[in-house]
1. From 409, 397, 405, 448, grab the single residue that is more than 33 Å from the chain's Cα centre (by Cα) and at pLDDT 80 or above.
2. Of everything in region 121-166 that's farther than 25 Å from residue 207 by Cα and over 30 Å from the mean Cα position of the chain (by Cα), which residue is surrounded by the most Cβ atoms within 10 Å (Cβ to Cβ)?
3. Suppose the filter is in a helix (DSSP H, G or I) and closer than 30 Å to residue 184 by Cβ; does residue 80 pass it?
4. From the list 66, 83, 42, exactly one residue is touching a residue at least 24 places away in the same chain (Cβ under 8 Å) and either touching a strand residue (DSSP E or B) at 6+ places or on another chain (Cβ under 6 Å) or surrounded by fewer than 18 Cβ atoms within 10 Å (Cβ to Cβ) (or both). Which is it?
């Protein structure tokens, strides 16, 4: 319900903003965006054609520019950056959190990057370099290196007085403070709730949670999201292999990871990139789709070549031309169901090398059972249409073979692609379609040639 309300609110905002832009009244446009946050404006900018996008961008509060640049996709960000001066860019990104700055630093002109780095103190530069030294899709690339630490040999009163003396806390405190030793190694966490509700004379060591496990800096962002889900975390410390505390991850970072994963899963099935600009120029958008359209054309021609080999059968038995698309379609659907389950299982960690073989056997059994059920149904339909028991038997056998083949292909293709370091969500559908089309044609037309013509 919350997601639906959010979508409705965004749609209403977009409609009103488009109407205001069409009216040409800048003040009306400005009034619609002046109370929105950077991420909210970013969502709207990504939903507007280029001309309207730039018009809104010109009217946004410069103090929100950095938050907006972090929010939008790569292509949209690049377009906005091209229209900004170096001074505007420096001002926009200068106050960003280090983890957000790390996300967009490569997109900035070299002169701007140099100026931003020069304006930082030595500690912040070192922290930024730490984040940049890790892959973007790892805990190290996701973390905020600005993390407040305390020692276990001090009282809660000392901690409270220390916090009151800090005027630059911003969101440094979340739900817990992290306890380190003199060497900077992680030793546990102190809940802010415990800090505020216990006797100030109590020592940190008495209340700290030594069971609060840190996240390894090399853990993938997907695994980080699972950790937060499994343990209901709001924040988590990030440590190196030798237990040095290097940063923290908060739940808002994980929400971004989950959103990116969802967009990636949806778009890569069609060979698209979640960072693409939906309102990019026609030629640019078309060019990006050529690769996978070309791959699909090749695989479709392969299926057509197999079909061409059975042209005499099609010429002699019209029924085969009417019925064989049913065989290919059923196999394709069965394979897609299994493929989707396998890719989802791999993404969530539920399917791994340890149980992949069991999953394949299970999906083969499902394919066999479904094949038996639907082969009988379609055999009866084929016999009813053409009063030909031979054609009905061919239809039954072909459906059975292709549903089993689709289930097997859907189960094994993601495993093979994963081992080849190819994204199963990106290439799995193309390979699966080729397998089910070719097997469907061979099974149905081949059997029809043997049973109906030779008989």
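The values are calculated or read from the model by the stated rules, or taken from the named source; none is laboratory data. What you are looking at is a predicted structure, and each value in this text was computed from that prediction instead of being measured. Here the Cβ positions follow ideal geometry from the backbone for every residue, glycine too, while neighbour counts run over all protein chains shown.
1. Working: 409 fails: more than 33 Å from the chain's Cα centre (by Cα); 405 fails: more than 33 Å from the chain's Cα centre (by Cα); 448 fails: at pLDDT 80 or above.
Selected residue: 397, the only one of 409, 397, 405, 448 that is more than 33 Å from the chain's Cα centre (by Cα) and at pLDDT 80 or above.
2. 123
3. Criteria not met by residue 80.
4. Exactly one residue qualifies, and that residue is 83.
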